[in-house]
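One structure is given here, and the rest of the page talks about it.
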Amino acid sequence: MTVQGRIALVTGGSRGIGRAIVESLARHGAKVAFVYNSNAEAATEVVTALAAEGHEAWAIQADVRSKPAADKVVADVIEKWGKIEILVNNAGIIRDGLLATMGAQQWQDVIDTNLTSVYNFCQAATRQMMSQRYGRIINMSSVAADVSNPGQANYAASKGGVEGFTRCVATELARRGVTANAVAPGFIETDMTVAVVNAAGDEIKKKIPVRRLGRPDDISNAVLFFAADESSYVTGQILKVDGGLTLGGL
Ligand code: NAP
């Protein structure tokens with residue numbers, strides 16, 4: 001998979017799945033800028049660790065919910081490195097709760113972070129991608145877009161939105177050499193899922209046909225395919241990476 005020399009921007013790249021994506025792209029020869037929100041220490045650690053391996057990464061603090069912030073991040077990367085060729089919209093949060101008690105802020109925080117952010121960064125980056133007639137957009141969805149988890153109405157709505165958005169922009173951008181695809185992870189071991197894993201233990205693994213939780217690298221490997229030169233004929237696709245969790249065979 002070829003990303004050698006490409007310029008990439010990843011949101012939520014300081015921890016978990018996003019960190020694995022940043023590392024994978026950088027180790028395959030891309031220059032990678034990534035956005036974090038609040039944890040500067042984690043972001044610095046990613047940059048330092050990659051620099052020690054001889055790879056270039058750049059951490060940028062920004063809130064992905066803000067359109068002006070997204071515009072500035074994209075402009076800054078283009079000013080520094082001349083272009084953006086790979087955009088990975090990965091930043092996301094959960095704020096679970098049953099509908100009966102779900103407050104408006106709890107709804108809006110999830111929609112803004114997981115869905116509006118995807119609009120913010122795609123809208124900011126695609127004009128330049130179209131004019132250079134090359135781009136790879138990869139949006140992070142979730143199997144929650146398809147399965148009904150009580151307490152995740154906000155999260156499911158945001159990820160369902162990401163999938164519909166991805167298919168639409170794929171059609172709009174195809175003639176300009178820009179692809180747009182999404183990855184829908186199942187149960188991946190990160191800070192986001194640590195509480196559930198601690199509470200449920202091995203019970204979760206019994207529901208997954210491959211009998212293990214996913215690792216961030218399982219997702220970054222799928223992202224690498226969509227980010228690479230070789231995937232130019234694949235667009236508008238949603239790839240589940242879930243160890244068979246949603247096959248319904250158990
Ligand atoms: P995580 O470990 O909690 O990391 C979240 C990342 O997003 C962090 O880098 C965080 O930066 C950043 N972020 C959050 N809010 C932000 C904001 N407003 N502005 C900028 N950055 C922000 O999450 P993860 O488990 O790796 O999940 C990554 C993506 O995969 C999410 O879209 C999630 O919905 C999706 N996903 C995860 C799983 C799973 O099992 N883990 C399953 C399906 C889908 P700071 O630390 O600086 O705040």
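Data for the structure
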read-out	value
Computed E for THR101/ASP71 - FRET, C-beta separation, R0 30 angstrom, nearest 0.05	0.25
Equivalent ellipsoid semi-axes - Cα gyration tensor, the chain, angstrom	27, 20, 19
In sequence order, calculated HN-Hα J values of the stretch 82-92 (Karplus, 6.51, -1.76, 1.60; Hz; x Gly/Pro)	x, 5, 10, 10, 10, 10, 10, 8, 10, 4, x
Positive-end residue of ILE60, ASN154, ALA222, charge dipole of the chain with Cβ unit charges	ALA222
Alpha carbon centroid spacing (whole Å) that separates the stretch 178-250 from the stretch 100-163	16 Å
Average accessible area per residue (Å²) across the chain - probe 1.4 Å, nucleic acids and ligands excluded	46 Å²
5 Å-binned pair-distance histogram of the stretch 178-250 (Cα, whole percent)	3, 16, 22, 20, 16, 11, 7, 3, 1
Computed Kirkwood radius, in angstrom, where 1/r is averaged over Cα pairs of the stretch 126-242	15.4 Å
Interatomic Cα distance distribution for the stretch 45-189, bins of 10 angstrom, percent	11, 35, 34, 16, 3, 0
Mean projected area (nm²) of the alpha-carbon convex hull when the stretch 43-110 is viewed from all directions	6.4 nm²
GluC sites (Glu not before Pro) restricted to the stretch 7-54 and DSSP loop, no more than 12 other C-beta within 10 Å	GLU53
Per-residue SASA entry for SER232, accessible area with 1.4 Å probe, Å² rounded to 10	80 Å²
Intensity falloff of the stretch 108-151 expressed as log10 I(q)/I(0), Debye formula with alpha-carbon point scatterers, at q = 0.16, 0.24, 0.25, 0.29 Å⁻¹	-0.57, -0.90, -0.93, -1.06
Residue with peak Gaussian network fluctuation, the chain [Cα springs, cutoff 10 Å], from LEU173, LEU224, LEU98	LEU98
Per-q log10 I(q)/I(0), the stretch 1-66, q = 0.15, 0.19, 0.22, 0.23 Å⁻¹ (Debye; single scatterer per alpha-carbon; no solvent)	-0.38, -0.61, -0.80, -0.87
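The values are calculated or read from the model by the stated rules, or taken from the named source; none is laboratory data. All values derive from a computational prediction rather than experimental measurement. With ideal geometry, Cβ positions are generated from the backbone for all residues, glycine too; neighbour counts draw on all protein chains shown. Note: areas computed on protein heavy atoms with side chains; ligands, DNA, RNA excluded. Shrake-Rupley method; radii C 1.70, N 1.55, O 1.52, S 1.80 Å.
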